[in-house]
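The values are calculated or read from the model by the stated rules, or taken from the named source; none is laboratory data. Treat the numbers as computed from the prediction; the structure is a model and nothing was measured. Note that each Cβ is placed from the backbone with ideal geometry, even for glycine, and that neighbours are counted across all protein chains shown. All accessible areas refer to the heavy atoms of the entire protein, side chains included, with ligands and DNA or RNA removed. Shrake-Rupley method; radii C 1.70, N 1.55, O 1.52, S 1.80 Å.
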Amino acid sequence: MPSKNMLPKGKRRQSVKKEYRAARTLAQEREAEARARAEELGDETAPAELIETSDYMDHEPTIEERIATNNWFTTKGASGSKVAEETYDPPRYANPYAKLKEPARVEIEVIEDLEPEDGVRSFTAASAAAGMRLDAYLAKALPEVSRARVQLLIENGQATVDGNTAKSKMKLKGGELIEIEGEPTPEPLHAVAEDIPLKIVYEDDDLAVIDKAAGMMVHAGSGSGEHNRGTLVNALLHHFGKQLSEVGGDLRPGIVHRLDKQTSGLIVVAKNDVTHRKLSEMFAGRQVNKTYVALVHGWMAEDEGTIRLGISRDAVRRIRMTTKRAGGRSAISHWKVLERIDGPWGKFTLVEVRIETGRTHQIRVHMQALGHPVVGDFLYGAPREIKRTGKKSVEQDTVTLDRNFLHAKQLELEHPRAGKKLQLKAELPEELGALLERVRGRS
């Protein structure tokens with residue numbers, strides 16, 4: 001696009017010498033006439049009238065004239081091209097580095113003493129809520145309720161706007177009638193005895209070792225009341241009653257260490273506080289040998305090895321752990337290949353893993369870091385379906401597993417009071433054995 005400072009086409013090579021010479025000649029003639037007049041008057045000392053040659057040149061426009069005629073100074077840039085020396089045109093784009101004016105903070109009035117009527121709490125949205133999301137407004141107006149809890153109330157239809165169900169992202173206008181049904185804060189979690197079958201591998205007066213099934217949480221977690229049911233702690237309370245240590249508090253009686261929900265296998269339970277503290281010291285001092293068996297995708301290149309990668313929580317997906325962040329907690333896993341499988345469902349490796357540390361998701365994270373995620377571990381990259389190789393996927397040619405193929409098969413420790421060596425084992429669960437046979441091509 002041509003510059004506004006360029007001459008019209010056809011005149012860009014036009015010379016201005018002719019006009020300059022004509023103006024200079026006229027100035028010289030006027031200067032000569034002034035000298036001759038001075039000589040006639042006999043005043044040789046009188047200075048000759050100085051002629052400003054610029055008076056005979058084109059008039060230099062003022063800033064106002066430049067603005068009116070869109071005529072600007074030009075100068076040569078570093079490359080020799082003509083560039084604007086100054087301009088008064090408004091910028092085409094806003095400066096991204098300019099300091100933006102911070103919007104005024106909206107103060108939301110906190111709603112206190114909100115008494116329910118027939119189980120429903122009602123109030124009117126303040127005018128200051130105009131433009132705010134529904135969940136953001138409720139979290140500010142009800143500070144004792146977390147935003148996550150507010151979103152749960154909205155999703156369950158327990159929070160309505162003007163009598164209608166709404167979404168968390170709904171923008172308020174101010175003045176709407178908001179109604180909340182039920183308690184805005186969840187009931188406090190507590191362990192409750194439940195008659196849940198337990199597979200007890202070992203038991204004495206000081207401790208018990210349980211073969212936990214996959215799908216069972218060790219103790220109650222945050223969230224809805226569903227997380228307070230079906231836990232290992234609830235089953236322990238039913239089987240052992242008050243014969244459990246209290247070091248872990250009301251939510252975790254007897255619990256010394258944990259297993260992931262979808263991981264099965266051996267877990268130690270303390271029956272008294274002395275045993276609990278001693279076992280905790282043994283786990284911290286790495287005096288307890290924990291061995292797992294896992295089926296992972298692909299073939300491990302080596303027959304055995306050790307992985308030492310620190311583990312920390314993922315900065316984006318908070319339910320995951322990662323080895324990629326600096327400053328992670330030390331984690332050591334020793335692995336050994338038991339079997340390499342090349343069947344109709346692809347390649348797999350059955351590995352035995354012994355861990356020195358007990359970080360959250362340790363084996364799962366370390367296997368992912370090696371490029372061999374645990375079968376069934378969707379959180380760390382395993383496929384949800386295993387498809388038969390060399391054929392188009394159909395329903396009967398697909399294998400699925402609704403848990404991780406990870407099992408705590410062996411536990412070795414010295415009894416904290418008697419001093420005798422305990423070596424306990426748990427057989428591979430039926431569902432894992434069936435999957436193993438299938439990927440081998442035997443069923």
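Do we find a residue being of a type in the set (Val, Ile, Thr), open to solvent by 20 Å² or more (accessible area, probe 1.4 Å), touching a residue at least 12 places away in the same chain (Cβ under 8 Å) and at negative phi anywhere in region 318-328? Yes - at least one qualifying residue is present in region 318-328. Scanning region 207-220 for residues that are on the phi < 0 side of the Ramachandran plot and modelled with pLDDT under 95 yields MET216, MET217, VAL218, HIS219, ALA220.
Which count do you get for residues in region 321-356 that are more than 26 Å from the chain's Cα centre (by Cα) and not hydrophobic (A, V, I, L, M, F, W, C)? Residues meeting the conditions: 14.
GLU339: out of contact with any Asp or Glu (no Cβ under 7 Å at 6 or more places or on another chain), modelled with pLDDT of 95 or more and open to solvent by 60 Å² or more (accessible area, probe 1.4 Å), yes or no? Judged against the criteria, GLU339 is not a match.
Taking the numbered list (1) more than 19 Å from ALA382 (Cα to Cα); (2) within 29 Å of the chain's Cα centre (by Cα); (3) not in a strand (DSSP E or B) in turn, LEU279 passes all entries but (2).
In a helix (DSSP H, G or I), under 26 Å from LEU232 (Cβ atoms), in contact (Cβ under 8 Å) with a residue 12 or more places away in the chain and not aliphatic (A, V, I, L, M) - does that describe any residue in region 264-274? Yes.
Scanning region 288-317 for residues that are out of contact with any helix residue (DSSP H, G or I) (no Cβ under 6 Å at 6 or more places or on another chain), surrounded by 13 or more Cβ atoms within 10 Å (Cβ to Cβ) and outside any strand (DSSP E or B) yields GLY298, TRP299, MET300, GLY310, ASP314. Do we have THR349 as closer than 30 Å to VAL439 by Cα and without any contact (Cβ under 8 Å) to a residue 60 or more places away in the chain here? Yes: the conditions hold for THR349. State whether the residues of region 175-191 include one that is among the hydroxyl-bearing types (Ser, Thr, Tyr), farther than 30 Å from GLN423 by Cα, surrounded by fewer than 13 Cβ atoms within 10 Å (Cβ to Cβ) and touching a residue at least 12 places away in the same chain (Cβ under 8 Å). Yes, some residue in region 175-191 is among the hydroxyl-bearing types (Ser, Thr, Tyr), farther than 30 Å from GLN423 by Cα, surrounded by fewer than 13 Cβ atoms within 10 Å (Cβ to Cβ) and touching a residue at least 12 places away in the same chain (Cβ under 8 Å).
Give region 402-411 a look and list any residue that's at pLDDT 95 or above and within 27 Å of the chain's Cα centre (by Cα), or say none. Those that are at pLDDT 95 or above and within 27 Å of the chain's Cα centre (by Cα): ARG403, ASN404, PHE405, LEU406. The set of residues from region 237-272 being open to solvent by less than 10 Å² (accessible area, probe 1.4 Å) and within 27 Å of ARG364 (Cα to Cα) comprises GLY254, THR263, SER264, GLY265, LEU266, ILE267, VAL268, VAL269, ALA270.
Looking across region 137-167, the residues that are in a helix (DSSP H, G or I) and crowded, with 17+ Cβ neighbours inside 10 Å come down to TYR137, LEU138, ALA139, LYS140, ALA141, ARG149, VAL150, GLN151, LEU152, LEU153, ILE154. Identify the residue in region 362-371 that is open to solvent by 30 Å² or more (accessible area, probe 1.4 Å) and of a type outside the set (S, T, N, Q) and, among all such residues, is nearest to SER330 (Cα to Cα). It comes out as ALA369. How many residues, within region 393-432, are farther than 30 Å from ASP205 by Cα, without any contact (Cβ under 8 Å) to a residue 12 or more places away in the chain and open to solvent by 40 Å² or more (accessible area, probe 1.4 Å)? Going through region 393-432 one residue at a time, the tally reaches 5. Might you let me know whether region 416-423 holds any residue that is under 30 Å from SER443 (Cα atoms) and among the polar types (S, T, N, Q)? Looking through region 416-423, none of the residues is under 30 Å from SER443 (Cα atoms) and among the polar types (S, T, N, Q).
Anything in region 118-135 that is part of a strand (DSSP E or B) and in contact (Cβ under 8 Å) with a residue 40 or more places away in the chain? List them, or say none. The answer is VAL120, ARG121, SER122, PHE123, THR124.
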